[in-house]
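Note sheet for the following structure.
The values are calculated or read from the model by the stated rules, or taken from the named source; none is laboratory data. Quick caveat, the model's predicted, so the values are computed rather than measured. Accessible surface is based on the protein model in full, side chains and every heavy atom, while ligands, DNA and RNA are left aside. Shrake-Rupley method; radii C 1.70, N 1.55, O 1.52, S 1.80 Å.
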Amino acid sequence: AGAHITYGELRSLVGLLEHLVVLVGGDRTLMDGLRGANFRNGEQFGPATAMVFVDSQLEQFKVWRRILLHAAGCHMSVVLRSAVDVVTPALSDVVLAPGGLFSAAVMPAPPFYLFSDAASEADSGGLGGWVHGEWWTLALTAEDRSLMHITALEFAALAINVLLYGTELHGYHVQLLSDSLATVLTVNNGVARAPMLQAILRLLRATPEFQALFPTMDEFHVFGEVNVFADAASRLKLDVIQSLSTQLGIAARQIQLPARALHFFEAVRTEARRISREMGQRASLEAAAGVGHARVLGPGRPGRRSASAEELAREQHRGRAEAGRVEGDGPGPPGLGSAAGAWL
């Protein structure tokens, strides 16, 4: 505690932990928050730049400390060349499926399509979802809109769909459909860069509903018109839902969100408040440490250098590539066929 850490030291440590993720049986969420602003400052001002850590980062390092204290690289019987066999689960205890030894058995039925959307307009913004004639909506507060970007709200809407139908659709093929590419990529890759998306992913993965759906679910980025029902639900456009339902012969029914879904979104709000507080905390710590004002530990660069033409071109290319990952329309899932088939 109280030790001075430079960017060079932090970069070496994080690089080591990257290699240990697989060895300790973890996933990419173990690396959440370990880079962020510290790496950006270090890349800008050099390896001797002083690092500052907010509470969530310190907690993440404590998680790693606990893991490393309890996880061995291999069984002790291997090191000692022991004749004692390590006990492993019997094959009779493993649920087998035709698709492979550890594949989840999928019920022989067409996929269930779970549409979700979010809107952050002050007058009609909210979260919404549509699942085969059932729809739900959740109004946002002014605080929600100020604390969370639309990408986080889109992800929260998808998560609520999982909580609503995860248990009921366990074992069935489920497609989670969102017009936010960032949401789809986060669930698909199991990792996110933005702290708020990391927090929602962590909360979602901890739910039994997500674990129930995970083996048989897919995620897809859908066209805007395909997502029309969820979009209308998020904006509480009852006339759109009623008109389209009548034309398609769908008996649409609004469902009320259960307490569990409301508690989940309250947990998302709590994470948003924490991240907002930590942004202020980081600003104060960086000001005290002189980060951004060329104050570094030991010899380092005297100040911020200008980016080269090559670096500027690379950043502009990255910006264009990332712009399409935030929100908007995209290709629908393969085999979806007509939109109406997924709405019914």
Could you give me the ³J(HN,Hα) list for region 205-210, computed from phi with Karplus coefficients 6.51, -1.76, 1.60 and θ = phi - 60°, whole Hz, x at Gly and Pro?
5, 7, 8, x, 5, 5
Cα centroid separation - region 185-253 against region 140-168, whole Å
9
Determine how many Å³ per residue the convex hull of the Cα atoms of region 157-264 encloses.
118
Heavy-atom SASA rank of LEU181, LEU30 (probe 1.4 Å, accessible area, largest first)
LEU181, LEU30
A student applying the Cα gyration tensor rule (rounded when a/c is under 1.5; otherwise prolate if a/b is larger than b/c, oblate if not) would label region 201-278 prolate
Per-residue HN-Hα couplings for region 119-136, Karplus 6.51 cos²θ - 1.76 cosθ + 1.60 at θ = phi - 60°, whole Hz, x for Gly and Pro?
9, 10, 5, 5, 8, 9, x, x, 9, x, x, 9, 9, 6, x, 9, 9, 9
